[in-house]
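Read-outs: derived from the displayed coordinates by stated rules, not from any lab. The shown structure was predicted, so the numbers you read here are calculated from the model rather than taken from an experiment. Cβ sites come from the backbone with ideal geometry, for glycine too, and all protein chains shown count toward neighbours.
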Amino acid sequence: MTVVLVIGTDTEVGKTYVACRAVEALVQDGRDVVAVKPVESGCTGNGEDGVLLAAASGQSAPTAALIRLKTPVTPALAGEREDVPLDPERWCQTIRALEEKHDLVVVETAGGVLSPMTWTYNAIDLAVQLAAKAIVVAANRLGAINHTLLTLRALDTARISTLGVVLSETAEDSDATATNLEVLRRLDPRPMVAVSRGGDAKAVAHWMAEA
């Protein structure tokens, strides 16, 4: 039984797309996997990350993020504004219960690696508490190299095992997008792949399966 966190270098970098495509590949391969998002802000009822994750793994519950917040700001502030209690211990209890029932639990975090899920808790705290391994997703655009290396440094400092790095396709078309993967591979030895919109994430699914 394993927990893998899908952690971003920022918000809107393609975490949900990569996680869903990898989970779908695992399900098609007959793997017993469930996917969940502990807390999600900016929920409007349309295309929510937690709902998409649940659908990707065909699960009956949970079918949305464990905590849904309407305000489109970081969860710590959204919870404060909406007077919604944010309790990481309860999230971890739910995830551990899922871990007992499934071979693999994929958890998508909110925002970037240090984005506050509560005022005293972020993705690193979640990974440590769950003894989870991580997959880092970065948007393939100018600035991705620095954002990715900073994220990896933060995870290494916390002694969180990183399975690999994914560069997610963006609308940007530049010298940077054409070379980011090559540069990162020369700077860090961990597995790295690019995932295009409309493409699959079988390599990422393999990392998860071997975690």
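One residue is enough: does segment 108-119 have a residue meeting the conditions in contact with an Asp or Glu (Cβ under 7 Å, 6 or more places away or on another chain), within 23 Å of residue 24 (Cβ to Cβ) and surrounded by 14 or more Cβ atoms within 10 Å (Cβ to Cβ)?
Yes: segment 108-119 contains one or more residues that are in contact with an Asp or Glu (Cβ under 7 Å, 6 or more places away or on another chain), within 23 Å of residue 24 (Cβ to Cβ) and surrounded by 14 or more Cβ atoms within 10 Å (Cβ to Cβ).
Is it true that some residue in segment 183-203 is polar (S, T, N, Q) and over 22 Å from residue 127 (Cα atoms)?
Quick first cut of segment 183-203, residues polar (S, T, N, Q) only: 196.
Pick out the ones that are also over 22 Å from residue 127 (Cα atoms) and you get 196.
Yes, the conditions are met somewhere in segment 183-203.
Within segment 141-198, can you find the residues that are in contact with a strand residue (DSSP E or B) (Cβ under 6 Å, 6 or more places away or on another chain) and hydroxyl-bearing (Ser, Thr, Tyr)?
Answer for segment 141-198, where residues must be in contact with a strand residue (DSSP E or B) (Cβ under 6 Å, 6 or more places away or on another chain) and hydroxyl-bearing (Ser, Thr, Tyr): 148, 151, 161, 162, 168, 170.
Look through segment 181-198, keep the residues that are of a type outside the set (A, V, I, L, M, F, W, C) and in contact with a helix residue (DSSP H, G or I) (Cβ under 8 Å, 6 or more places away or on another chain), and return whichever of them is farthest from residue 155 (Cα to Cα).
As a first pass, look at segment 181-198 and keep what is of a type outside the set (A, V, I, L, M, F, W, C): 182, 185-186, 188-191, 196-198.
Filter once more, so that each one left must be in contact with a helix residue (DSSP H, G or I) (Cβ under 8 Å, 6 or more places away or on another chain): 188, 190-191, 197.
Working: 188: 13, 190: 13, 191: 15, 197: 26 Å.
Among residues in segment 181-198 that are of a type outside the set (A, V, I, L, M, F, W, C) and in contact with a helix residue (DSSP H, G or I) (Cβ under 8 Å, 6 or more places away or on another chain), the one farthest from residue 155 (Cα to Cα) is 197.
For residues that are in contact (Cβ under 8 Å) with a residue 12 or more places away in the chain and among the polar types (S, T, N, Q), scanning just segment 123-157, find the one that is nearest to residue 57 (Cα to Cα).
Among those residues, the one meeting the criterion is 129.
I want to confirm something. Restricting to segment 20-29 and keeping residues that are in contact (Cβ under 8 Å) with a residue 40 or more places away in the chain and out of contact with any helix residue (DSSP H, G or I) (no Cβ under 6 Å at 6 or more places or on another chain), which single residue is farthest from residue 205 (Cα to Cα)?
29
Is it the case that segment 59-66 has a residue that's under 19 Å from residue 4 (Cα atoms), of a type in the set (Ser, Thr, Tyr) and crowded, with 18+ Cβ neighbours inside 10 Å? Steps first, answer last, please.
Step one: filter segment 59-66 for residues under 19 Å from residue 4 (Cα atoms), giving 59, 61-66.
Keeping just the survivors that are of a type in the set (Ser, Thr, Tyr) gives 63.
In the following step, the residues that additionally are crowded, with 18+ Cβ neighbours inside 10 Å were identified as none.
Scanning segment 59-66, I find no residue that is under 19 Å from residue 4 (Cα atoms), of a type in the set (Ser, Thr, Tyr) and crowded, with 18+ Cβ neighbours inside 10 Å, so the answer is no.
Based on what the data block shows, is residue 110 within 17 Å of residue 43 (Cβ to Cβ) and either of a type in the set (Phe, Trp, Tyr) or in contact with a helix residue (DSSP H, G or I) (Cβ under 8 Å, 6 or more places away or on another chain) (or both)? Lay out the reasoning, then the answer.
Numbers: within 17 Å of residue 43 (Cβ to Cβ): yes; either of a type in the set (Phe, Trp, Tyr) or in contact with a helix residue (DSSP H, G or I) (Cβ under 8 Å, 6 or more places away or on another chain) (or both): yes.
It is true that residue 110 is within 17 Å of residue 43 (Cβ to Cβ) and either of a type in the set (Phe, Trp, Tyr) or in contact with a helix residue (DSSP H, G or I) (Cβ under 8 Å, 6 or more places away or on another chain) (or both).
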